[in-house]
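Everything below concerns the one structure shown next.
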Amino acid sequence: MHQFVSLCEILQNINDYQWSDALYLPDEDKWTQNTKGVVLDPDDVDAEEDEIPKFALDNNLIYSLDIQTIQGIIDNANQQKKDCTIEDLFDAYLYYYNNDAFIVFNK
């Protein structure tokens, strides 16, 4: 059974997920740390022509990023800042999602 989890919980526990999975979030204009999403296997589709898992379709969720990429985002943020807050991780995630590039924190 798939479980909705807040985005901040997913980011804080990113290494608990399989690198081959992906994050799906609501198709909304603005995500927050409390936005509920779900981690799914993107290959878990009913037919080959389907591009998104049925659970995501049924719940109006869109593909965000794959877990391997998000793990890289979190690792990069932690390398730049010794004590990353959840706000830092969230900012790093959104920055990457919007720019396809790692955030650069001011030192």
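The values are calculated or read from the model by the stated rules, or taken from the named source; none is laboratory data. A quick note: this is a predicted structure, and the numbers were derived from the prediction, not measured. FYI the Cβ positions are ideal-geometry reconstructions off the backbone, even for glycines, and counts take in every protein chain you see.
For region 58-96, filtered to residues that are β-branched (Val, Ile, Thr) and loosely packed, with under 15 Cβ neighbours inside 10 Å, the residue that is nearest to Tyr24 (Cα to Cα) is Ile62.
Taking the conditions (1) among the hydrophobic types (A, V, I, L, M, F, W, C); (2) farther than 19 Å from Asp21 by Cα; (3) under 15 Å from the mean Cα position of the chain (by Cα) in turn, Cys84 satisfies each one other than (3). Yes or no: Ala92 modelled with pLDDT under 95, under 19 Å from Glu9 (Cβ atoms) and either of a type outside the set (Asp, Glu) or in contact with a Pro (Cβ under 8 Å, 6 or more places away or on another chain) (or both)? Taking the combined requirement at face value, the residue does not satisfy it.
For Pro26, the conditions (1) touching a residue at least 24 places away in the same chain (Cβ under 8 Å); (2) exposed (fewer than 13 other Cβ atoms within 10 Å of the Cβ); (3) under 22 Å from His2 (Cα atoms) are fulfilled apart from (2).
Of the listed requirements (1) under 18 Å from Gln33 (Cα atoms); (2) without any contact (Cβ under 8 Å) to a residue 60 or more places away in the chain; (3) under 15 Å from the mean Cα position of the chain (by Cα), Ala101 misses just one: (1). Annotation: of all residues in region 53-76 being in contact with an Asp or Glu (Cβ under 6 Å, 6 or more places away or on another chain) and touching a residue at least 24 places away in the same chain (Cβ under 8 Å), the one that is nearest to Ser20 (Cα to Cα) is Ile67.
Exactly one residue out of Leu40, Leu57, Leu65 is touching a helix residue (DSSP H, G or I) at 6+ places or on another chain (Cβ under 8 Å) and at pLDDT below 95, and it is Leu40.
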